[in-house]
Amino acid sequence: MTSHVEQADLWPRAILFDLDGTLIDSVPDIATSVNLLLVSEGLVPLTVHEVRSMIGHGIAKLVKRAFKARDIALEGARHVAMTERMMDIYKDHLTDQTVLLSGTEDILRHYQGTGCRVAIVTNKPEGFSREILDHFELSAMIDCVVGGDTGPERKPAPDMLLHALKQMKVPASDALMVGDSPADIDAARAAGIKSIAVHGGYTPVPASELGADITIKDLNELPDAIAQLKH
């Protein structure tokens, strides 16, 4: 029979990672795509900094925020049409300038090697997410990918996280969410999952104010943070 100490040592049995702002820096490509859309409508482009603050709740929300910044309120069919055009533009620019954030590859390889299950839970469309993971040769280290169009209600609702855990057959008490935004940490809290917030993400809210169990500078600090959460 496994002792309580050994069971503690196995924690977490699954780590759920956000993608944009946590594992990858995709802002340059997203900004390029948003601006191609705006310019096609005769509008002035946004700065990369402006676009960074708009990311976090999926492409439809991003498009609405981008047009709002140009004093245009997108609603109904026009919002749907602009979102579809943004998707068509962005699919051709997924990995032009996107890069891995510090520690991403090493951390994913490390935890996959320990037998811990690893999932990507992102509001980015699942197909786009998988293409990016393939591009960086990370897919073999990932057990599950849940995107904004996979089916469950998007973060900050807990549904996507719980869906990933169900796929991997891991209870919430044995899981950890790692992300950079309020949506990530709020979803983890709603799901009853411990969370770690990474500094430098795509939110104007400092990581230390997101309400995570621990905050870290970057992914290289993740093992030490996990060790703290075990005690």
Check your understanding: Restricting attention to segment 100-126, which residues are touching a residue at least 24 places away in the same chain (Cβ under 8 Å), outside any loop (DSSP other than H, G, I, E, B) and over 14 Å from the mean Cα position of the chain (by Cα)?
Key -> GLU105, ASP106, ILE107, LEU108, ARG109, HIS110, TYR111, GLN112, ARG117
Check your understanding: Quick one: is ASP159 open to solvent by less than 10 Å² (accessible area, probe 1.4 Å) and farther than 21 Å from LEU10 by Cα?
Key -> no
Exercise for review: Go through (1) at pLDDT below 95; (2) part of a loop (DSSP other than H, G, I, E, B) and name the single condition ALA8 misses.
Suggested key: (2)
Point to revise | Matching residues, segment 64-90, being under 11 Å from GLU41 (Cβ atoms) and either modelled with pLDDT under 95 or touching a His at 6+ places or on another chain (Cβ under 9 Å) (or both) | key: PHE67
Review point. Among the residues of segment 138-146, is there at least one that is over 27 Å from VAL99 (Cα atoms) and either basic (Lys, Arg) or surrounded by fewer than 21 Cβ atoms within 10 Å (Cβ to Cβ) (or both)?
Key: no
**Study point:** Residues located in segment 87-99, provided they are assigned to a loop (DSSP other than H, G, I, E, B) and open to solvent by 60 Å² or more (accessible area, probe 1.4 Å)
**Key:** LYS91, ASP92, ASP96, GLN97
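Could we say that GLU153 is open to solvent by 80 Å² or more (accessible area, probe 1.4 Å), without any contact (Cβ under 8 Å) to a residue 24 or more places away in the chain, under 25 Å from PRO182 (Cα atoms) and among the acidic types (Asp, Glu) here? Break it down stepwise before answering.
Details: open to solvent by 80 Å² or more (accessible area, probe 1.4 Å): yes; without any contact (Cβ under 8 Å) to a residue 24 or more places away in the chain: yes; under 25 Å from PRO182 (Cα atoms): yes; among the acidic types (Asp, Glu): yes.
So GLU153 passes the test.
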Point to revise | Residues of segment 112-135 classified as modelled with pLDDT of 95 or more and surrounded by 18 or more Cβ atoms within 10 Å (Cβ to Cβ), total | key: 11
**Study point:** Hits in segment 38-71 - residues which are aliphatic (A, V, I, L, M) and under 25 Å from PRO182 (Cβ atoms)
**Key:** LEU46, VAL48, VAL51, MET54, ILE55, ILE59, ALA60, LEU62, VAL63, ALA66, ALA69
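The values are calculated or read from the model by the stated rules, or taken from the named source; none is laboratory data. Values in this document were obtained by computation on a predicted structure and should not be read as measured data. FYI the Cβ positions are ideal-geometry reconstructions off the backbone, even for glycines, and counts take in every protein chain you see. With ligands, DNA and RNA removed, areas are computed over all heavy atoms of the protein, side chains included. Shrake-Rupley method; radii C 1.70, N 1.55, O 1.52, S 1.80 Å.
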